[in-house]
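Structure record follows, encoded as structure tokens.
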């Protein structure tokens with residue numbers, strides 16, 4: 001990026017609390033299908049100043065008790081590459097009212113499903129951040145931001161990497177008082193737009209929620225009399241609209 005362009009962007013900077021970069025990454029859950037190895041993620045900047053964004057990737061692993069932990073992505077045994085997800089590029093310069101993309105590239109085995117936290121963090125660029133701008137441009141940018149109160153908000157997404165040979169096997173067990181959906185496959189299924197509504201009053205509905213049912217896990221709820229439960233069951237590209245009647249008298 002040349003200095004003239006950057007200074008042109010900075011000249012539009014308004015000295016208000018709202019001035020500065022404002023990024024948006026769209027959906028916060030993304031999925032890499034078993035036959036794909038790359039995924040394009042777009043970062044939008046609706047603010048009035050250039051956004052300098054660092055992309056950080058951590059792997060989410062679950063302990064025996066189901067507690068998640070985020071750990072650095074490991075290298076392969078020979079140290080030649082990453083064993084997991086890497087972002088390319090990992091540094092983005094997103095112009096005001098513009099968009100840039102990074103590719104999430106998966107390297108490693110695909111025998112099982114894996115999960116990653118990808119964070120998009122706007123920063124004030126420093127020399128060690130490796131953004132392709134000069135020291136003079138960095139100083140100009142810092143001075144422009146100190147003119148107002150700026151809150152630069154980052155975003156994190158969860159990135160699901162499905163196994164190479166995807167297998168869906170959803171098993172439903174329903175009684176008069178309880179509904180259970182068990183995932184006996186090897187990849188995540190989604191219970192989307194889940195809500196409970198009164199049978200005789202369409203406007204009496206609970207909050208709409210989204211649930212990820214990991215392989216080997218169960219989504220369940222108790223059925224109340226006079227209620228109806230509605231949701232989408234999503235298995236990869238297959239979507240089913242389901243309705244479940246409430247509990248019996």
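The values are calculated or read from the model by the stated rules, or taken from the named source; none is laboratory data. These numbers come from a predicted model, not from an experiment. Cβ atoms come from the backbone with ideal geometry, glycine included; neighbour counts cover every protein chain shown.
Considering each residue of segment 95-109 in turn, at least one proves to be out of contact with any strand residue (DSSP E or B) (no Cβ under 9 Å at 6 or more places or on another chain) and either modelled with pLDDT under 95 or surrounded by fewer than 12 Cβ atoms within 10 Å (Cβ to Cβ) (or both). As for segment 110-125, it holds at least one residue that is in contact with a helix residue (DSSP H, G or I) (Cβ under 8 Å, 6 or more places away or on another chain), at pLDDT below 80 and assigned to a loop (DSSP other than H, G, I, E, B). Annotation note: of 164, 195, the sole residue that is part of a loop (DSSP other than H, G, I, E, B) and either in contact with a helix residue (DSSP H, G or I) (Cβ under 9 Å, 6 or more places away or on another chain) or exposed (fewer than 15 other Cβ atoms within 10 Å of the Cβ) (or both) is 164. Considering 218, 187, 170, 153, the condition of being out of contact with any helix residue (DSSP H, G or I) (no Cβ under 9 Å at 6 or more places or on another chain) and free of Cβ contacts under 8 Å to residues at least 40 places away in the same chain is satisfied by 218 alone. So, in segment 18-29, exactly how many residues are surrounded by fewer than 17 Cβ atoms within 10 Å (Cβ to Cβ) and either at pLDDT 90 or above or assigned by TED's automatic domain parsing to the domain that holds residue 186 (or both)? So the answer is 5. What do you reckon, is residue 55 at pLDDT 95 or above, farther than 21 Å from residue 112 by Cβ, surrounded by 12 or more Cβ atoms within 10 Å (Cβ to Cβ) and under 16 Å from the mean Cα position of the chain (by Cα)? Against the criterion (at pLDDT 95 or above, farther than 21 Å from residue 112 by Cβ, surrounded by 12 or more Cβ atoms within 10 Å (Cβ to Cβ) and under 16 Å from the mean Cα position of the chain (by Cα)), residue 55 qualifies.
Residue count for segment 200-249, restricted to those that are touching a strand residue (DSSP E or B) at 6+ places or on another chain (Cβ under 9 Å) and outside any loop (DSSP other than H, G, I, E, B): 29.
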